[in-house]
Every structure is written in C-alpha cells, then in structure tokens.
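Undergrad: First, the structure itself, so that you have it in front of you.
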Amino acid sequence: QRPRLAHLVKVLRLIADEVELSKSPNEALVGLLLQGLLVYVERASQAVPRPHWGRPLRDRRIERALALLDGDLSKLWTVEHLARAVGLSRPVFAREFVRMLQLSPMRYLARRRMEVAAELLLETDATLADVAGRVGYQSEFAFGRAFKRHHGVAPGTFRRQPLSAHGQTLCMAS
C-alpha cells in the first residue's frame, strides 16, 4: 500500500504544482495528471476486498486465511491447506469464503496476485521473472499468459504504457 500511496501523493503534488505555480497551466499535462489520479481511484474501487479495508469481515478464520494468502503470494496454496490452517473443513471453508467475499479462495488468490504484479511492474524495476516468482508463478511464460488474460496486455507492454493507459487495462478482465 505504501508505494501506491507514495505515487498518489506524487501525482497530487504534480497537479497542484502545475495549477498553482504556473501562470498558465498546461491543460494537456493537467488532463494527463488527472487521468493518472483517476487510475488510482478506479484501482481502489476495483480491488478485491481485504480485511483491513473498512470494517472487518467478522469471521476471524476467513480474515486469517486472507492474511496467510496476502502474506505469501508466492506459495503454492490449495483450498485444503488454507482450510486446515484456519481450523475448518475444506467445504465449510470454501463456502464461508465465497459467502464473505463473493469469490472462491483460488479466484481471490489469482486476482490478488495480478493486483500485486501490476503494482510491482509499475512501482519497481524488478525483472519479469522476479515479479512472476514474487506472485507465485514458476515460469515467466505462465505468468505472462495469466497477466495478459487478467489485464488485457502482456506484462512488459503494461510496464511501458503511459500511466493514463492503466485505468482501462487494470479493469479489463475483472
């Protein structure tokens, strides 16, 4: 969250600087900066719910499962493993997870991995192989296919696109 917040602060400062410090602000630049701001707003509204957003889920076991997943996206998770880790049977865990989040545990994990991958691509200089490994993919090829399916563009293309283009690609396959 901190790198995303830092980028948001930078965009807001750029907008303020352009508007306040210029006698005649560059409308095209301000427009692009505002588009960047909208990307952040869109990302926040499209993100998968997490327990630290707003009120708690009110089921400590599901919150614990989310914390486990978010704590190690690179791990080879299974529903069975998560259920055991939180003290529930597999069917009860899966049913409660879907009831709370309207997503299966594995779909949540896939979306979360793609969110984090997008953040890493935009906010770090990590190689594609490194990003793939950090979000649980054994090969760059498998990661690239999953990323393109989710975001609509390959990871390298995503990274090279201007910030204003990410509002559309971040929402494509959600």
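Undergrad: State which residue is surrounded by the most Cβ atoms within 10 Å (Cβ to Cβ) when the search covers only segment 152-164 and only residues that are within 18 Å of Ala110 (Cβ to Cβ) and hydrophobic (A, V, I, L, M, F, W, C).
TA: Among those that are within 18 Å of Ala110 (Cβ to Cβ) and hydrophobic (A, V, I, L, M, F, W, C), it is Phe158.
Undergrad: Among the residues that make up segment 96-104, is at least one of them at pLDDT 95 or above, open to solvent by less than 70 Å² (accessible area, probe 1.4 Å) and of a type in the set (A, V, I, L, M, F, W, C)?
TA: no
Undergrad: Anything in segment 74-84 that is under 19 Å from the mean Cα position of the chain (by Cα) and either surrounded by 15 or more Cβ atoms within 10 Å (Cβ to Cβ) or not charged (D, E, K, R) (or both)? List them, or say none.
TA: Matches in segment 74-84: Ser74, Leu76, Trp77.
Undergrad: Could you list all residues from segment 115-153 that are assigned to a helix (DSSP H, G or I) and in contact (Cβ under 8 Å) with a residue 40 or more places away in the chain?
TA: Listed by number, the residues that qualify are Glu115, Val116, Ala118, Glu119, Leu122, Glu123, Gly133, Arg134, His150.
Undergrad: Now for a different question. Please work out which residue is nearest to Gly71 (Cα to Cα), limiting yourself to segment 114-151 and to residues that are surrounded by fewer than 20 Cβ atoms within 10 Å (Cβ to Cβ) and β-branched (Val, Ile, Thr).
TA: Val116
Undergrad: Those residues that are part of a loop (DSSP other than H, G, I, E, B) and either open to solvent by 70 Å² or more (accessible area, probe 1.4 Å) or in contact with a helix residue (DSSP H, G or I) (Cβ under 6 Å, 6 or more places away or on another chain) (or both), I need them from segment 60-73; list them, please.
TA: Within segment 60-73, just Leu73 meets the criteria.
The values are calculated or read from the model by the stated rules, or taken from the named source; none is laboratory data. As the structure is a computational prediction, the values presented were derived from the model and not from experiment. Because the Cβ atoms are built from the backbone with ideal geometry, glycine has one as well, and the counts that use them run over all protein chains shown. Areas reflect the complete protein model, heavy atoms only, side chains present, ligands, DNA and RNA absent. Shrake-Rupley method; radii C 1.70, N 1.55, O 1.52, S 1.80 Å.
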